[in-house]
Structure formats: C-alpha cells, structure tokens
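The values are calculated or read from the model by the stated rules, or taken from the named source; none is laboratory data. From a predicted model like this one, the values you see are computed outputs, not experimental measurements. Because the Cβ atoms are built from the backbone with ideal geometry, glycine has one as well, and the counts that use them run over all protein chains shown. What goes into the accessible areas is simple: the full protein's heavy atoms, side chains included, and nothing from ligands, DNA or RNA. Shrake-Rupley method; radii C 1.70, N 1.55, O 1.52, S 1.80 Å.
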Amino acid sequence: MVCLVWTAILFVQFRSADRAHRALAVFGVAATLLYFCHYLHFNGLQSLFSESLYYLCNLSVYPLYAMYVKSLTGKEKPGRWNLLWLVPAVVMFVISLTGVVRSSLEVQLAVQILFPVVSIAATIVAFIDLYNFRESVENFYSNPGEKRLDPLLAILILLAMASVGSFTVNILGRDHFMATERLIVPALFFSALLFSIFYFGNKTDLPVEDVRVDDSRSKADNSDASAYASIMDRIHRQMEFKQIFRSKGLTVAELAEAVGSNRSYVSASINQTTGQNFSDYVNSWRIEYAKKLMQTTEMTLAEIADAAGFTDRTSFYRSFKKITGMSPSEWLK
C-alpha cells in the first residue's frame, strides 16, 4: 500500500514532472508489483506468473533506483548501457515463465545468487553518483546547504539501510518469514523505509542544471600551474579588497566572471592551490571576517553570520567548527 499510494501520487504529477521524478515513478511501479507478489506468496495465492513476475521485479528494483539516482544527479540521460542491469531480471522472468528450467528451486537459487550481485553493483553506482554530485555542488556554491542537500544525505542513508535489509532478507529467504509474527519485522521495516525513500525522493529537487552546465570557453588543465597562480592572485584581490565572499549567493561562476576567467579554471585553481573545494575556501574567508567582527564589535553571532555572508546561524556554526575545530563561543573564550 505504501508503494501503491506513492506511485499513484508520482503518476498524478507525471506530465509536469522532471526526468528524475518520472524515473522514481517507474521504480515505484516495480516496487508495488514486487510487494504485491509477496502478498500473493504469503497468502498462498501465488501462481507461475506471479512467481516469475516476482523474479523480474526483485532483480530490477535496485537497477531502477540507480537509474533514478542517475537522473537525479546527472544532466545527461542514463546511457543505454544502464539497461543491461535489467537483463538478469528479464532472463530469469523468461526462464521461470517458460519453464526452460523445470525445477523451480533451481530458478529460486539462481535469483538468490544474482540478487546480491545486481543490487550491490547498482548500490555502488548510486553511491558514486550521489557522492560526486555532492562534491560538484560544493565546488559550485559557497552555501551548498541551502541547495537542498539534506534530502541527498537522507537518500544515501536510506539506500544503505535498504541494501543491508535486502541482503539479510535475501539470505534468509521468504519462507523464513511465513509465520505471522516473523513477518511483522520486515513488513514494518520496509514499509517505513520505502515511505521515507518516496517522501525524500518526491521532495528532492537538486540544482543539476546549474552545477553540471559545461563552460564552453575552455577546460582547466591540471598542469597549468602558472595560470593557476595568476587566477589565484586575482581571486585573492577579490576576496581581500572587494570582500566578494560576503555575497550570500556567491557561486563559482560569479567569482569566475569577477576575475575574468571561467569556472573550470577558478575551481581547479582553488582545488590545486589550497586543497579546498570552492565552498570551504569561501567560508574560510567568511570565518576570518567573522573573527574580526567578534573581536571588535558588539554584534550578536546571528548578525555576524549575516554580515560575513552566511545564510543562517546553523551554516555559520557548522563552518566555524569545521575550519577552526571550535564553536564560536569556544573560540571567543
């Protein structure tokens, strides 16, 4: 019912939805069918078709979720090679339905072996996509927290929990949970987990187009040390004399325009020269500015955070702790 309701909500929005939310809706269809097949199995209503459909959905939900993550974090559509992830699911569906392998136990064993392989591969790819996107955001925005990255972290945690839970249940097998009291545990766990996955997925709207847009003027060359030094000199002047870091919505593209370069070179210059991403570099200037205000004015911490360019006290405290190893009050003492 959790999967069915959320899938219905996503399909109501399907026409106006972006590619990521449509991919989540497709995942919802597979998850709904998977748990409907579970319902039939646990109530003794299964048939050859429902068991075959179970194998198809069981081996396709993680690849479909990985495709959703790729749509969520990437500018380009997932490549056709991603569809290869669904080949094991389709093959086992056909084998089971046509009776090519007469023993259902052999088919069931094959699915149990294939499931961890397919799901682990899909989970790893999804983690890499989410991690790389998070890094891209931190190299583009000076205040990445305001770009709705909290749901992204939630998706990472939920994906890890789903993986652990799925592997455990797969090893034990469905028949281990035939008793009603045993079934309560995975039923509650996966119901809550799936509700959270759909909830955060439905509300997550990442700034993909901003972050992934290529700069057509030129690309950074990691060996161009002299260019980096020149750009960093201009960046330093913008920071020190014009205090551009105090702009709350500062992006690497805006800084690149200010120094007469492009975002690729600016981002690479900061990374190579300071070892920091764009967000940490800008926030280090903000923290130094905040320290001066804390020593020389009677402003409150909230006013200081605002004057330094932070969007709120939370991001100020988080950055201050990350850069100095202390909270603002501890540093003052």
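Here are the numbers for the structure shown:
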item: Hits in the range 82-119 - residues which are surrounded by 14 or more Cβ atoms within 10 Å (Cβ to Cβ), among the β-branched types (Val, Ile, Thr) and closer than 13 Å to residue 170 by Cβ; result: 111, 118
item: Only listed residue being assigned to a helix (DSSP H, G or I) and touching a strand residue (DSSP E or B) at 6+ places or on another chain (Cβ under 8 Å), chosen from 284, 279; result: 279
item: Inter-residue pairs, beta-carbon under 6 Å, first touching a residue at least 40 places away in the same chain (Cβ under 8 Å) and open to solvent by less than 70 Å² (accessible area, probe 1.4 Å) and in the range 124-136, second part of a helix (DSSP H, G or I) and small (Gly, Ala, Ser), 6+ apart; result: 125/66; 126/66
item: Filter result (open to solvent by 50 Å² or more (accessible area, probe 1.4 Å) and either within 14 Å of residue 229 (Cα to Cα) or assigned to a helix (DSSP H, G or I) (or both)) within the range 239-259; result: 240, 246, 254, 257
item: Residue satisfying all of: in the range 317-333; part of a helix (DSSP H, G or I) and hydroxyl-bearing (Ser, Thr, Tyr); surrounded by the most Cβ atoms within 10 Å (Cβ to Cβ) among these; result: 319
item: Inter-residue pairs, beta-carbon under 6 Å, first surrounded by fewer than 16 Cβ atoms within 10 Å (Cβ to Cβ) and in the range 294-316, second of a type in the set (Lys, Arg), 6+ apart; result: 302/313; 311/248
item: Among (1) open to solvent by 50 Å² or more (accessible area, probe 1.4 Å); (2) in contact with a helix residue (DSSP H, G or I) (Cβ under 8 Å, 6 or more places away or on another chain); (3) closer than 19 Å to residue 134 by Cβ, the one test that residue 273 misses; result: (3)
item: Residue, nearest to residue 61 (Cα to Cα), within the range 142-167, restricted to residues that are modelled with pLDDT under 70 and over 12 Å from the mean Cα position of the chain (by Cα); result: 147
